[in-house]
Amino acid sequence: SDARKLCFTMASRSRRLSLWRHVAACAVSGIVLLQQLQQLSWVASPAFGRAPLAVGRCQGSRVHTPRRRAASQPGGPPMPSLPVGVSRPGAAGAPVKVELFLDLCCPFSRKMFETVSVHVAPKFEGRVDFIIHSVAQPWHAQSCYMHEASLAVLDAAGRDKFWDYAAALFAKQEQFFDDMVLDKTRRDLYVELADVAADIGVPRESILKRVELMGPGNAGNGVTQRLKWATKLHRTRGVHVTPTVHLNGLEAGIVGSSWTTEEWQNFLEYHLEHK
């Protein structure tokens with residue numbers, strides 16, 4: 001009798017174990033099937049809407065990849081989708097980063113820019129990423145308009161032309177000093193700044209369109225947000241005077257506008273050797 005009960009108990013446990021194995025196998029099969037369906041068609045979900053295709057589908061001789069649903073804008077203040085600073089053409093991704101915080105109306109910024117862009121950067125192609133950050137100094141009211149124009153060039157023609165425009169504007173910088181613009185209107189300055197853009201092949205209309213006010217009151221223009229991001233960045237980084245240089249994220253207080261090409265070269269070669 002006891003032996004019969006023991007056999008019955010063991011058989012029951014075996015049947016329950018077999019049942020659970022079967023349930024687990026079904027669950028795995030269901031997951032695999034769901035993944036295959038997601039690859040072949042849209043899967044509706046009451047919580048998340050319709051999920052995009054995971055892979056492309058062949059249509060005749062072409063592979064068709066459906067568009068993904070556009071992401072909804074996050075809450076909070078606007079954030080830049082790309083880095084705020086502008087890398088020198090061809091240098092993005094280099095292991096050593098040198099950030100130049102420059103004011104287009106500052107003669108010391110001009111001196112550093114010309115030394116770096118003409119004599120230093122070409123010697124470090126692909127090894128050092130030189131990045132310009134816009135620092136509009138409010139005690140020169142026209143500085144804001146100068147940086148707006150440079151950001152309009154960035155928006156209209158890309159990063160390569162931004163560096164070209166910085167060089168062209170620095171070369172004509174004295175036209176925009178305080179004593180030269182005292183009696184000019186904001187629109188007058190925009191026109192002159194757009195003319196500088198035209199000199200490097202960027203249509204002046206594309207600049208004037210971007211600096212035109214977008215509405216009544218303090219609506220700003222097409223590059224106001226870019227200037228806000230640039231200003232927020234240098235404020236949060238503690239930058240006040242121009243030029244200021246950061247090496248790999250930290251201020252390099254030793255670097256100044258009076259540095260020669262040789263001083264720059266020794267400084268950068270050292271850090272490249274010890275990276």
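The values are calculated or read from the model by the stated rules, or taken from the named source; none is laboratory data. Keep in mind it's a predicted model, so treat the numbers as computed, not measured. All Cβ positions, glycine included, derive from the backbone under ideal geometry; neighbour counts span all protein chains shown. Surface areas here come from the heavy atoms of the whole protein model, side chains and all, with no ligands, DNA or RNA. Shrake-Rupley method; radii C 1.70, N 1.55, O 1.52, S 1.80 Å.
Judged by the gyration tensor of its Cα atoms, with axes a ≥ b ≥ c, segment 80-212 is prolate; a/c meets the 1.5 cut and a/b is the larger of a/b and b/c.
Compute the length gained on full extension between E262 and K209: take 0.36 nm times their separation in residues and subtract their Cα-Cα distance, giving the result in nm to one decimal.
Details: separation 53, 0.36 × 53 = 19.08 nm, distance 4.25 nm.
The span from E262 to K209 would gain 14.8 nm if fully extended.
In segment 91-152, which GluC sites (Glu not before Pro) are in a loop and have at most 14 other Cβ atoms within 10 Å, using DSSP for the loop call?
Values: sites: E99, E114, E125, E148; in loops: E125.
Here the GluC sites (Glu not before Pro) that fit, given the DSSP loop and packing criteria, are E125.
Taking the solvent-accessible surface of protein heavy atoms with a 1.4 Å probe, what is the per residue accessible area of segment 75-182 in Å²?
Normalised by residue count, the accessible surface of segment 75-182 is 42 Å².
Label sites at L182 and S81, each approximated as a point 7 angstrom past Cα along Cα to Cβ, lie 4.6 nm apart. Pairs spanning more than 25 Å between alpha-carbon atoms, out of K228/K275; K97/K172; K123/K228; K172/K232; K123/K275; K111/K209: K228/K275; K97/K172; K123/K228; K172/K232; K111/K209. How far apart, in nm, are the 7 Å Cα→Cβ label points at K275 and A141? Going from the K275 label point to the A141 one covers 4.5 nm.
Take the Cα of I200, step 7 Å toward its Cβ, do the same at T236, and the gap between the two points is 2.7 nm. For D160, the solvent-accessible surface computed with a 1.4 Å probe is close to 90 Å², ligands and nucleic acids excluded.
So which trypsin sites (Lys or Arg not before Pro) in segment 61-170 end up in coil per DSSP with only 13 or fewer other C-beta atoms within 10 Å? Please list the in-between numbers first.
Values: sites: R62, R67, R68, R69, K97, R110, K111, K123, R127, R159, K161; in loops: R67, R68, R69, R127.
Hits after loop and neighbour filter: R67, R68, R69.
Of the residues G238, L151, L227, the one whose Cα sits farthest toward the positive end of the charge dipole of segment 135-243, with +1 on the Cβ of Lys and Arg and -1 on the Cβ of Asp and Glu, is G238.
Arranged from highest to lowest average of other beta-carbon atoms within 10 Å per residue, in what order do the peptides 87-93, 233-239, 150-156 appear? It would help to have the intermediate numbers written out before the result.
Details: 87-93: 16.1, 233-239: 14.3, 150-156: 24.3.
In decreasing order of mean packing, 87-93, 233-239, 150-156 become 150-156, 87-93, 233-239.
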